[in-house]
Amino acid sequence: MDIFHSSSQAPSRNLRTAVLATYAAFIVVNVVSSAGWLGATNAEVSAKFAVPLTPAGWAFSIWGAIFLLEGYGAVLQAMGAGYDADGFKFAFVQQTPGGMWLAFVLILTAFMAMGRAMLQLYSVKDRFGPAPNLSLYAAFFLGTSINTAWLSVATAVQLIIALKMGVHDLEVPSVLAAAAVTCLGVWVLFREHDTAYGLTLVWALVAVYEQTQAPAVSKTALAAVIVLAVLSIASVLRRPGPPPQYETFPDHDAHEPLRPAAGDEP
C-alpha cells in the first residue's frame, strides 16, 4: 500500500492545535536551553566533548533554518483549509500505513531502551542485593519496571495496529502478541521476581480482556492474567535469600587495587 494513501477523515482541530502547541513548547525549551538556564548550553557541551568529526561552530546555525521550516509546517497543518480528500496535505498529515510502522519502530525502540535500563538495575540488584529501603526501590526500580512492562504491551498493540493496514484477520496475530508479552513477563517473574512488572502486565491484560470482542484473544488474556497473577503473588511470598557478603581488608590494603573476594576468581 502507498505510504501516502489517505485514510477516511482529516485530523481533528484539537489534534492540529496540539501539534502546533507542542512545537511551540519545543521551541521554548530550546531557547531556554540555549540561554543556559537549564545548565550547560549545546555549544559548551560540544566544545567539552570535541572529537575529530565535530563541525565548526558556524555549522550549527543550520538549526535556525530547520526550526523555521518545521514551524512553517506546524502552522500550515493547523490551518483548516486545504484538506481535500485526494490532496497532498490530507495524505501527508494522516496516519498512513508507513506512519503506523514508523510508530511501531519508535515504540519498540523505547521499549528496548527501557528494557536495557531494567537489565542494568537487575545487575545492580544481583551484585549488591535488593534495594535496602522502599524509598530507593520506588526511586529507581518501581517506575522503570512499570514503564518497561507497559511498553511491552504498547509495542504489541502498535504492531497489531500497523498490521491492520494490510491484514484483515487480526485475531491470530493478537493472540501471538499477547502470548509473547506474557512469556516475557513469566521470564522476568521467574528470573528476577519483579512483582511490579508482573502486576503491570496483569493490569494491562485485564483491560484487554474487558475490551476485546475476539474470543481467542479474550481466552488468551484471561489465561495470561491468571498465570501472571499467580507468579506475582509467589514473587511476594518467596523467602528472601541471604544478605550479600562483603569481604573486609586490613588497613594496610586500603590503597591496593580492588580484587575479587575469595572464590570469585575466574
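Just so you know, all these numbers are worked out from the coordinates, no wet-lab data involved. As the structure is a computational prediction, the values presented were derived from the model and not from experiment. All Cβ positions, even for glycine, are placed from backbone atoms using ideal geometry, and neighbour counts span all protein chains on display.
Computed from the Kirkwood radius of its Cα pairs, the Stokes-Einstein diffusion coefficient for the range 97-237 at 4 °C and 1.567 mPa s stands at 82 µm²/s.
Shown for Ser174, Ser12: other C-beta atoms within 10 Å of each C-beta, ranked fewest to most, produce the order Ser12, Ser174. Going by neighbour counts of Cβ atoms within 10 Å, the residues Ile146, Ile66 line up, fewest first, as Ile66, Ile146.
Using the Cβ-Cβ distance between Ala229 and Tyr72 with R0 = 45 Å, the FRET efficiency computed as 1/(1 + (r/R0)^6) comes to roughly 0.30.
Model label points for Val206 and Ala179, set 7 angstrom from Cα along the Cα-to-Cβ axis, are 2.6 nm apart.
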